[in-house]
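Q: Quick one: the structure is below, and I'll ask about it shortly.
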Amino acid sequence: MNFDLDENQTLFRDSVERFCAPVDVATRTKMRRMDGGFDRARWSELADLGLIGIAADESDGGLGGSILDNSVVAQSLGAGLAVEPWLECGFLPARLLTGTSYIADVISGECLATLAFAERGGRYTLDARAVSVRNGKLNGEKTFVLAGGAADLFIVSANVDGATKLFVVPRSAVGVDVRPYPVADGSLAAVVTFRDAAVSDPIGGMERLQSAVDETRIMMAAEMVGCAQRLFKETLAYVKTREQFGQPLGRFQVIQHRMVDIYSKCEAIQSALYRAVLQSNTNAEAAKAYIAEEAIWVGQQAVQLHGGMGMTDELAIGHGLKRILLLSKLFGDPASGIAQFAKAA
Amino acid sequence: MDMSFSAEDLAFREEVRDFLEAKLSPRLREGAACTPSVFVEPDITRDWQSILNEKGWLATMWPQEYGGPGWTATQKYIFEKECAIAGAPALPVLGLKLVGPVICKFGTPAQKAHFLPRILSGEDYWCQGYSEPGAGSDLASLKTKAERKGDKYVVNGSKIWTTHAHHANWIFALVRTNPEAKKQEGISFLLIPMDQPGISVTPIVTMANDHEVNATFFDNAESRVENLIGEEGQGWTIAKYLLENERGGSCAAPALLAELDRIEAWAKEEPSGVNGAMDHDPILMQRLARLRMEAQAFEITELRILAELAKGRPAGPQTSLIKLVSANIRQSIDELTVDLFAYDGLQLPTSRPLYGNEAPEPVGSREAQLALPTYLNGRAWTIFGGSDEVQKTIIAKQVLGL
Ligand SMILES: Cc1cc2nc3c(=O)[nH]c(=O)nc-3n(C[C@H](O)[C@H](O)[C@H](O)COP(=O)(O)OP(=O)(O)OC[C@H]3O[C@@H](n4cnc5c(N)ncnc54)[C@H](O)[C@@H]3O)c2cc1C
């Protein structure tokens with residue numbers, strides 16, 4: 001039994017920490033206002049560090065990192081409150097596009113790819129319904145396409161004779177219309193409409209989608225654990241320094257107990273994450289749901305204990321809570337995930 | 001014990017309904033419905049305020065002699081309830097509900113004659129200068145000082161979280177007039193005109209992208225001595241009176257219940273992704289039902305306090321319970337709304353306003369677009385006006401005697 005990071009994992013963690021360290025909240029806000037919602041030069045930097053390649057198989061020219069390796073990256077990016085869409089445009093496409101010709105440019109950072117799966121009225125289902133392919137033409141509307149404002153390539157789930165298949169469509173293709181809109185974490189998602197967009201053969205179907213999404217759920221859980229721990233640390237530091245009634249907030253028993261509750265949740269979700277990563281019979285959806293629920297609570301408490309300051313966009317606190325909220329719902333919310341677990345058990 | 005309405009009450013309710021039906025324009029309804037922040041912007045509230053003022057239904061908290069409608073507690077409750085159901089915009093409380101009653105109770109005849117009509121007409125728009133960077137929960141440690149020089153006070157220091165200071169032409173502030181006195185005793189309640197070179201206001205943007213609060217700086221700002229309310233050193237007593245009004249003495253439950261009704265209606269329209277709509281989703285509907293039980297019980301708690309007030313007993317520290325309970329129900333409602341709208345509930349528009357022609361196009365419904373900014377701004381309910389932790393301490397000490 002051993003829960004230590006190995007040498008490589010430590011290197012990955014340190015490398016992500018160095019990558020995130022120079023970006024303070026003000027810089028982060030500036031990046032969010034850039035075209036697409038982040039800095040493409042920093043995306044290339046991330047790729048150069050091998051942090052996108054880690055998600056791709058060696059046969060695809062990647063580093064072939066394990067789920068644990070990748071979760072270390074995800075958790076560290078969460079702790080760093082990175083604006084780069086590593087999860088959405090790095091890990092997930094690297095898993096979806098394995099074995100295809102697109103993967104090299106994704107790993108190198110040249111091509112920003114994202115999954116377009118959600119449809120109006122579909123709630124959290126992964127089934128493609130209204131978006132369909134017939135005679136080589138893709139039609140329909142996808143919503144909540146993450147990083148859709150910046151993406152170069154869409155991996156689109158579409159209905160083909162009742163089955164869900166995955167197609168690859170460049171943003172620049174004829175018949176692709178992108179309407180970006182801001183979402184919780186300040187990034188730009190998009191509604192993407194396809195009108196007779198030409199597609200070639202599908203790269204896979206539901207099986208490929210489901211397995212990539214399940215792996216991504218682990219990464220989302222990891223990122224939320226990182227976010228929550230960051231908020232915990234900042235809040236702990238805050239209650240030690242902020243004084244009211246002539247003493248630091250942390251001297252009040254109510255605050256002490258609350259901090260212990262937060263700490264306890266953070267420990268619990270770290271354990272839940274390790275369990276999900278290390279055990280083969282993992283229910284990724286349930287793990288992610290549970291971690292999300294606790295992480296949201298941690299985020300809310302971090303805001304509460306910062307008082308008015310916690311409400312502003314000037315601290316990391318609100319940004320952390322907002323990223324947690326977004327991740328908590330991507331591919332299913334806590335309620336749907338735990339309900340699924342109950343059914344499966 | 002009796003909770004039923006008399007025939008006169010029922011007639012009054014009809015009158016209120018007819019009035020709202022006639023006077024609440026689509027623009028006002030939209031402005032109210034599409035405001036994700038705690039306070040509604042003056043471009044909406046001004047018009048609604050003047051309609052109510054004309055009718056004499058504006059200052060429901062004030063004694064009749066100063067322009068209050070002279071309602072019974074039941075009438076006041078009926079009015080609030082009908083406004084909530086109809087979706088009327090929340091009025092700017094800072095003048096009407098906070099400083100207004102203070103002036104009614106502690107003001108000189110001259111202050112009453114000058115300020116009260118201007119609050120009613122909307123000519124004066126007020127903001128509240130209590131909190132400071134170093135004095136939040138521990139309000140009594142405030143440092144902003146006012147020194148008397150001839151017929152003026154000269155004010156120096158800074159206030160923070162001043163809601164709508166960027167709209168206001170007056171601020172009511174707690175200032176330290178006697179640095180030697182004990183903490184609470186050196187504080188005074190001073191009205192200060194905002195439009196002067198000694199005052200500057202800088203925006204603070206919330207995590208929901210709203211500009212509602214500000215930092216307000218006083219650099220040799222001036223106010224005439226006749227703008228002091230009560231006496232020097234009486235500020236803390238006045239501040240507490242005001243805070244009790246801020247925390248309770250109103251009707252929050254009707255708005256909560258009306259919101260739950262709206263959520264239920266939206267759930268009927270929101271596809272569940274499996275078959276049918278979210279009004280058949282057992283988890284969501286259980287949460288909704290549970291919240292309704294809480295809000296219904298809370299409504300009775302409020303009525304019990306209203307009945308006490310009607311008998312002339314003071315609101316007192318129970319108002320802390322009102323503030324505490326309503327803030328928490330509200331936040332649970334906001335969470336439910338965000339969850340109802342799934343992915344659409346994650347959009348977070350950066351531009352404002354979210355009503356009128358300039359509003360950004362929503363993804364899905366307008367309600368979905370409002371869900372997250374409302375939730376995020378709503379985290380403040382358990383912070384401002386005395387945080388949850390502060391309210392619990394007050395209740396523990398003053399109600400439970402601990
Ligand atoms: C949206 C918004 C609008 C506002 N509008 C106004 C306004 O118009 N005018 C105005 O004057 N102020 C306004 N406020 C300020 C508000 O009243 C303060 O934020 C509030 O009093 C808390 O103070 P603080 O922010 O300094 O937090 P702090 O006092 O620093 O508290 C931080 C945390 O510690 C907790 N805490 C503090 N002391 C104790 C204790 N003894 N025991 C246990 N827990 C404790 C608090 O509950 C909180 O969770 C507004 C605030 C917000 C967020």
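Q: If I go through region B:111-137 residue by residue, how many of them are in contact with a Ser or Thr (Cβ under 8 Å, 6 or more places away or on another chain) and either more than 12 Å from the ligand (Cβ to nearest atom) or in a helix (DSSP H, G or I) (or both)?
A: Qualifying residue count for the region: 2.
Q: Can you tell me which residues in region B:170-201 are within 30 Å of A:His319 (Cβ to Cβ) and within 12 Å of chain A (Cβ to nearest Cβ)?
A: Taking region B:170-201 and keeping what is within 30 Å of A:His319 (Cβ to Cβ), we get B:200-201.
Once the filter is applied, which keeps residues that are within 30 Å of A:His319 (Cβ to Cβ) and within 12 Å of chain A (Cβ to nearest Cβ), region B:170-201 yields nothing.
Q: Let me ask something else. Looking at region B:138-169, which of the residues that are more than 14 Å from chain A (Cβ to nearest Cβ), touching a helix residue (DSSP H, G or I) at 6+ places or on another chain (Cβ under 8 Å) and closer than 17 Å to B:Cys127 by Cα is nearest to the ligand (Cβ to nearest atom)?
A: Top of the filtered list is B:His164.
Q: Turning to a different aspect of this structure: Could you grab me the full set of residues in region A:74-118 that are surrounded by 24 or more Cβ atoms within 10 Å (Cβ to Cβ), within 14 Å of chain B (Cβ to nearest Cβ) and in a loop (DSSP other than H, G, I, E, B)?
A: If the condition is that a residue be surrounded by 24 or more Cβ atoms within 10 Å (Cβ to Cβ), within 14 Å of chain B (Cβ to nearest Cβ) and in a loop (DSSP other than H, G, I, E, B), then A:Phe117, A:Ala118 are the ones that fit.
Q: Something else: Criterion first (within 30 Å of A:Gly318 (Cβ to Cβ) and out of contact with any helix residue (DSSP H, G or I) (no Cβ under 9 Å at 6 or more places or on another chain)) does A:Lys137 satisfy it? First the steps, then the outcome.
A: On the way: within 30 Å of A:Gly318 (Cβ to Cβ): no; out of contact with any helix residue (DSSP H, G or I) (no Cβ under 9 Å at 6 or more places or on another chain): yes.
Spelling it out, it is not the case that A:Lys137 is within 30 Å of A:Gly318 (Cβ to Cβ) and out of contact with any helix residue (DSSP H, G or I) (no Cβ under 9 Å at 6 or more places or on another chain).
Q: From the set of residues in region A:305-330 that are surrounded by fewer than 21 Cβ atoms within 10 Å (Cβ to Cβ) and not aliphatic (A, V, I, L, M), which is farthest from the chain's Cα centre (by Cα)?
A: If we take residues in region A:305-330 being surrounded by fewer than 21 Cβ atoms within 10 Å (Cβ to Cβ) and not aliphatic (A, V, I, L, M), then A:Gly308 is farthest from the chain's Cα centre (by Cα).
Q: Continuing with the same structure: List the number of the failed condition for B:Phe39; all other conditions in (1) hydrophobic (A, V, I, L, M, F, W, C); (2) without any contact (Cβ under 8 Å) to a residue 40 or more places away in the chain; (3) closer than 30 Å to B:Lys105 by Cα hold.
A: All conditions are met except number (2).
Q: Let me ask you something else. Could you grab me the full set of residues in region A:289-304 that are within 11 Å of chain B (Cβ to nearest Cβ), surrounded by 24 or more Cβ atoms within 10 Å (Cβ to Cβ) and away from the ligand (no atom under 16 Å from the Cβ)?
A: Answer for region A:289-304, where residues must be within 11 Å of chain B (Cβ to nearest Cβ), surrounded by 24 or more Cβ atoms within 10 Å (Cβ to Cβ) and away from the ligand (no atom under 16 Å from the Cβ): there is none.
Q: Something else about it: From the set of residues in region B:330-341 that are touching a residue at least 60 places away in the same chain (Cβ under 8 Å) and in a helix (DSSP H, G or I), which is farthest from B:Val38 (Cα to Cα)? Give the steps one after another, and end with the answer.
A: Narrowing region B:330-341 to residues touching a residue at least 60 places away in the same chain (Cβ under 8 Å): B:330, B:333, B:336-337, B:340-341.
From what is left, the residues that are in a helix (DSSP H, G or I) are B:330, B:333, B:336-337, B:340.
On the way: B:Arg330: 11, B:Ile333: 14, B:Leu336: 18, B:Thr337: 16, B:Leu340: 21 Å.
Applying the filter and picking the extreme gives B:Leu340.
Q: Out of the residues in region B:94-110 meeting the condition of being more than 15 Å from the chain's Cα centre (by Cα) and in a helix (DSSP H, G or I), tell me which one is farthest from the ligand (Cβ to nearest atom).
A: Initial filter on region B:94-110 (more than 15 Å from the chain's Cα centre (by Cα)): B:102-110.
Among the residues that remain, those that are also in a helix (DSSP H, G or I) are: B:102-106, B:109-110.
Numbers: B:Val102: 14, B:Ile103: 17, B:Cys104: 20, B:Lys105: 20, B:Phe106: 18, B:Pro109: 28, B:Ala110: 26 Å.
It comes out as B:Pro109.
Q: Shifting gears a bit: Restricted to region B:357-402, and to residues that are farther than 25 Å from B:Lys240 by Cβ and within 15 Å of the ligand (Cβ to nearest atom), which residue is nearest to the other protein chains (Cβ to nearest Cβ)?
A: B:Arg379
Q: Can I ask one more? Out of A:Ser132, A:Ser108, report the one residue that is under 24 Å from A:Gly64 (Cβ atoms) and of a type outside the set (Asp, Glu).
A: Details: A:Ser132 fails: under 24 Å from A:Gly64 (Cβ atoms).
Just a single option satisfies the conditions, and that option is A:Ser108.
Q: Okay, moving on. I'd like to verify a number: residues in region B:356-385 that are more than 18 Å from B:Thr206 (Cβ to Cβ) and surrounded by 22 or more Cβ atoms within 10 Å (Cβ to Cβ), how many?
A: Residues flagged as more than 18 Å from B:Thr206 (Cβ to Cβ) and surrounded by 22 or more Cβ atoms within 10 Å (Cβ to Cβ) within region B:356-385 amount to 3.
Q: A:Tyr274: closer than 16 Å to A:Val303 by Cα and surrounded by 15 or more Cβ atoms within 10 Å (Cβ to Cβ), yes or no? Full working, then the answer.
A: Working: closer than 16 Å to A:Val303 by Cα: no; surrounded by 15 or more Cβ atoms within 10 Å (Cβ to Cβ): yes.
So A:Tyr274 does not fit the description; no.
Q: Right, next: Scan region B:76-91 residue by residue and report those that are within 16 Å of B:Leu10 (Cβ to Cβ) and surrounded by fewer than 19 Cβ atoms within 10 Å (Cβ to Cβ).
A: Within region B:76-91, just B:Ile85 meets the criteria.
Q: In region B:307-324, is there at least one residue being within 13 Å of chain A (Cβ to nearest Cβ), out of contact with any strand residue (DSSP E or B) (no Cβ under 6 Å at 6 or more places or on another chain) and away from the ligand (no atom under 16 Å from the Cβ)?
A: There is no residue in region B:307-324 that is within 13 Å of chain A (Cβ to nearest Cβ), out of contact with any strand residue (DSSP E or B) (no Cβ under 6 Å at 6 or more places or on another chain) and away from the ligand (no atom under 16 Å from the Cβ).
Q: If you scan region A:317-337, which residues turn out to be within 9 Å of another protein chain (Cβ to nearest Cβ) and either closer than 17 Å to A:Ser187 by Cα or among the β-branched types (Val, Ile, Thr) (or both)?
A: The answer is A:Ile317, A:Gly318, A:His319, A:Leu321, A:Lys322, A:Leu325, A:Leu326, A:Lys329, A:Leu330.
Q: Considering each of B:Arg290, B:Arg330, B:Arg262 in turn, give the residue that is more than 10 Å from chain A (Cβ to nearest Cβ), modelled with pLDDT of 90 or more and touching a Leu at 6+ places or on another chain (Cβ under 8 Å).
A: Details: B:Arg290 fails: touching a Leu at 6+ places or on another chain (Cβ under 8 Å); B:Arg262 fails: touching a Leu at 6+ places or on another chain (Cβ under 8 Å).
Within the list B:Arg290, B:Arg330, B:Arg262, the selection yields B:Arg330.
Q: Right, another one. Pick from region A:186-211 the residues that are touching a Gly at 6+ places or on another chain (Cβ under 9 Å) and within 17 Å of A:Cys89 (Cβ to Cβ): which of them is surrounded by the fewest Cβ atoms within 10 Å (Cβ to Cβ)?
A: A:Ile203
Q: B:Thr237 fails exactly one of the following numbered conditions: (1) without any contact (Cβ under 8 Å) to a residue 60 or more places away in the chain; (2) assigned to a loop (DSSP other than H, G, I, E, B); (3) more than 14 Å from every other protein chain (Cβ to nearest Cβ). What is the number of that condition?
A: (2)
Q: Determine whether B:Asp219 is over 30 Å from A:Gln300 (Cβ atoms) and in contact (Cβ under 8 Å) with a residue 24 or more places away in the chain.
A: yes
The values are calculated or read from the model by the stated rules, or taken from the named source; none is laboratory data. Remember, predicted model here, so these are calculated numbers, not experimental data. Neighbour counts run over all protein chains shown; Cβ positions are idealised from the backbone, glycine included.
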